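*Asks:* One structure coming up, written as structure tokens, with questions to follow.
The values are calculated or read from the model by the stated rules, or taken from the named source; none is laboratory data. Since the structure is predicted, the reported quantities are computational estimates derived from the model, not experimental observations. FYI the Cβ positions are ideal-geometry reconstructions off the backbone, even for glycines, and counts take in every protein chain you see.
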Amino acid sequence: MSFARSLLRVKPAEQLSSEGSHSELNRTLGLVPLVALSVGATLGTGIFVVLAEAAPAAGPAVVVSFVLAGLAALCSALSYAELAGSVPVSGSAYSYTYATLGEIIAWICGWCLLLEYGVSVAAVAVGWGGYLNEFLQGTIGVTIPDALAAPPGEGGVVNVPAAIVVLLATAVLLLGVRESAWATTVTTVLKIAVLVFFVAVAFTAFNSGNLTPFAPAGVAGISVGASAVFFSFIGFDAASTAGEEARNPKRDLPRAIILSLVIVTAIYVLVAFAAVGAVGAGALGESDASLATALRMVTGQGWPAVVLALGAVIAIASVVLTVLYGQTRILVSMSRDGLVPPVLARVNRRAVPARNTLLVGVLVAVLAAVVPLNQLAEATSIGTLVAFGLVNIGVVVLRRTRPELPRSFRTPLMPFVPLLGLALCAYLITGLDAVTWLTFAIWTLLGLAVYFGYGRRKSRLNAPAE
């Protein structure tokens, strides 16, 4: 096989599905846990954390920013749903790309997913520390010193709370997938209840004057806001990382992906509208714990903010748990394909990839402790947008190359929907800062060095030729 052909060799969908069906992971998850997994991985990241970054840029039109980002995510979600029903394995976009676009593209996609999942966990953990401070201050009058609650560059030395929540989530994952799914479902229900509480209180102080001027920075501001809040949609694909732990993956994975995105988008738009209408877009940018601050301004009392902060502390911890889970399962797939060391696919007696989980947990905890939130969020967005774009291309390619492949869900209006998803991903990428592009370029070059130094030689697709 020539060098060029070896880079573009695909792994047949049947082979991927066969390996997934013989996985050592336990099939214990039904539709409800899968929806909770995706909603749990998504809901909270943007509303509790990134709204403070996006609202000042877009103004009241941040609501439109959420809709635009949700549309981009929906097009990609429909592509994900078709591929999840066709190739029901744990690798998510990495495995789908391997079956459609070839090994080198799959590697780049998997490498982007490692950036997306790992860095988004760290970013959420940083935001968790802000709400923990809000809760502690409102209950016992204690605030964690900046030196121990913020990374370098933001007035601190090390973000201890962020590292702690990552390590706690790692410990829960080591208990097993059934226990992790139970914890995710409970915290997701709590998270939705807390946001409903926020909307109910915020609408009591709704002032239409806070919605004007609606788009002070015009289309450019909406675009910048959409690029920032797209970070908050990361995680709807989490169910696709559980392809080998779902009881009926062909039926339930597509349903879970689409249902979770619809639920999350509706809540985001409602909460953003209520928040801006109650206190104005500018006020939301004054604190990382923006929703808790908004409640204090609306009510003039501390207890509603404490209730929201407690809910956020628990709820954002569930995002850390579920996204960390997704990253470990993607590494399992990459390891099984030989592209990363085989130790990362080994499971213990609880059917948990323990060494993989410990390694990821420790690395992400360190990242969360020392890197500022805004840099983490944008680095996550670019990795996600690239992965989503590849999935949109992959679903079109698989339709043309394997039209006979059984599909439990078919993306409507093919190829318009995936091509629109690809175009929207490209549009949102243009709104990211130059430093984000530089970070991504360095990450990609590092990934290619790892692939050519290790992955290409160790790939299991080399086995028949050896």
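*Asks:* Restricting attention to segment 140-147, does a residue exist that is modelled with pLDDT under 90, under 21 Å from residue 293 (Cβ atoms) and either touching a Ser or Thr at 6+ places or on another chain (Cβ under 9 Å) or in a helix (DSSP H, G or I) (or both)? If you could, list the steps in order and put the result at the bottom.
*Replies:* Here is the first cut: in segment 140-147, the ones modelled with pLDDT under 90 are 140-147.
Then keep just the ones that are under 21 Å from residue 293 (Cβ atoms); that gives 140-146.
Checking the rest, the ones that are also either touching a Ser or Thr at 6+ places or on another chain (Cβ under 9 Å) or in a helix (DSSP H, G or I) (or both) come to 140, 146.
The answer is yes, given that some residue of segment 140-147 is modelled with pLDDT under 90, under 21 Å from residue 293 (Cβ atoms) and either touching a Ser or Thr at 6+ places or on another chain (Cβ under 9 Å) or in a helix (DSSP H, G or I) (or both).
Here's the yes/no breakdown for (1) farther than 26 Å from residue 405 by Cα; (2) modelled with pLDDT of 85 or more; (3) among the aromatic types (Phe, Trp, Tyr):
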residue	(1), (2), (3)
44	yes, no, no
49	yes, no, no
61	yes, yes, no
78	no, yes, no
88	no, no, no
101	no, yes, no
111	yes, yes, yes
115	yes, no, no
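*Asks:* A follow-up question, please. Taking the conditions exactly as written (surrounded by 24 or more Cβ atoms within 10 Å (Cβ to Cβ) and within 28 Å of residue 57 (Cβ to Cβ)), does residue 240 satisfy them or not?
*Replies:* Values: surrounded by 24 or more Cβ atoms within 10 Å (Cβ to Cβ): yes; within 28 Å of residue 57 (Cβ to Cβ): no.
No; evaluated as a whole, the condition is false for this residue.
*Asks:* Now, a different point. Going residue by residue through segment 382-401, is there one that turns out to be in a helix (DSSP H, G or I), out of contact with any strand residue (DSSP E or B) (no Cβ under 7 Å at 6 or more places or on another chain), exposed (fewer than 14 other Cβ atoms within 10 Å of the Cβ) and of a type in the set (Phe, Trp, Tyr)?
*Replies:* Just the residues of segment 382-401 that are in a helix (DSSP H, G or I), to begin with: 382-401.
Next, only the ones that are out of contact with any strand residue (DSSP E or B) (no Cβ under 7 Å at 6 or more places or on another chain) stay: 382-401.
Of the ones still in play, those that are also exposed (fewer than 14 other Cβ atoms within 10 Å of the Cβ) are 400-401.
From what is left, the residues that are of a type in the set (Phe, Trp, Tyr) are none.
No, segment 382-401 contains no residue that is in a helix (DSSP H, G or I), out of contact with any strand residue (DSSP E or B) (no Cβ under 7 Å at 6 or more places or on another chain), exposed (fewer than 14 other Cβ atoms within 10 Å of the Cβ) and of a type in the set (Phe, Trp, Tyr).
*Asks:* Under the condition of being among the aliphatic types (A, V, I, L, M) and touching a strand residue (DSSP E or B) at 6+ places or on another chain (Cβ under 8 Å), which residue from segment 213-253 is farthest from residue 383 (Cα to Cα)? Give the derivation first.
*Replies:* Here is the first cut: in segment 213-253, the residues among the aliphatic types (A, V, I, L, M) are 215, 217, 219-220, 222, 224, 226, 228-229, 234, 238-239, 242, 246, 253.
Checking the rest, the ones that are also touching a strand residue (DSSP E or B) at 6+ places or on another chain (Cβ under 8 Å) come to 239, 242, 246, 253.
Numbers: 239: 18, 242: 20, 246: 26, 253: 22 Å.
Only one residue tops the list, namely 246.
*Asks:* With under 16 Å from residue 113 (Cα atoms) and at pLDDT 90 or above as the only criterion, which of 376, 413, 339 stands out? First the steps, then the outcome.
*Replies:* On the way: 376 fails: at pLDDT 90 or above; 413 fails: under 16 Å from residue 113 (Cα atoms).
It is 339.
*Asks:* Only helices (runs of 4 or more DSSP H) wholly contained in segment 160-246 count here; list those with 1 or more residues that are under 21 Å from residue 310 (Cβ atoms).
*Replies:* 160-173, 177-202
*Asks:* Here are the criteria: (1) assigned to a helix (DSSP H, G or I); (2) within 23 Å of residue 383 (Cα to Cα); (3) touching a Ser or Thr at 6+ places or on another chain (Cβ under 8 Å). Tell me which single one residue 339 does not satisfy.
*Replies:* Only one criterion in (1) assigned to a helix (DSSP H, G or I); (2) within 23 Å of residue 383 (Cα to Cα); (3) touching a Ser or Thr at 6+ places or on another chain (Cβ under 8 Å) is unmet by residue 339, namely (1).
*Asks:* Does residue 235 satisfy being closer than 27 Å to residue 119 by Cα, in contact with a Pro (Cβ under 6 Å, 6 or more places away or on another chain) and surrounded by 24 or more Cβ atoms within 10 Å (Cβ to Cβ)?
*Replies:* Against the criterion (closer than 27 Å to residue 119 by Cα, in contact with a Pro (Cβ under 6 Å, 6 or more places away or on another chain) and surrounded by 24 or more Cβ atoms within 10 Å (Cβ to Cβ)), residue 235 does not qualify.
*Asks:* Another one. Restricting to segment 1-23, and then to whatever is over 14 Å from residue 243 (Cβ atoms), touching a Lys or Arg at 6+ places or on another chain (Cβ under 9 Å) and part of a loop (DSSP other than H, G, I, E, B), can you tell me which residue is modelled with the lowest pLDDT? Spell out how you get there, then give the answer.
*Replies:* First, pick out the residues of segment 1-23 that are over 14 Å from residue 243 (Cβ atoms): 1-12, 14-15.
Remaining after also requiring touching a Lys or Arg at 6+ places or on another chain (Cβ under 9 Å): 1, 6-7, 11-12.
Checking the rest, the ones that are also part of a loop (DSSP other than H, G, I, E, B) come to 1, 11-12.
Details: 1: 60, 11: 86, 12: 85.
Per the stated criteria, the residue is 1.
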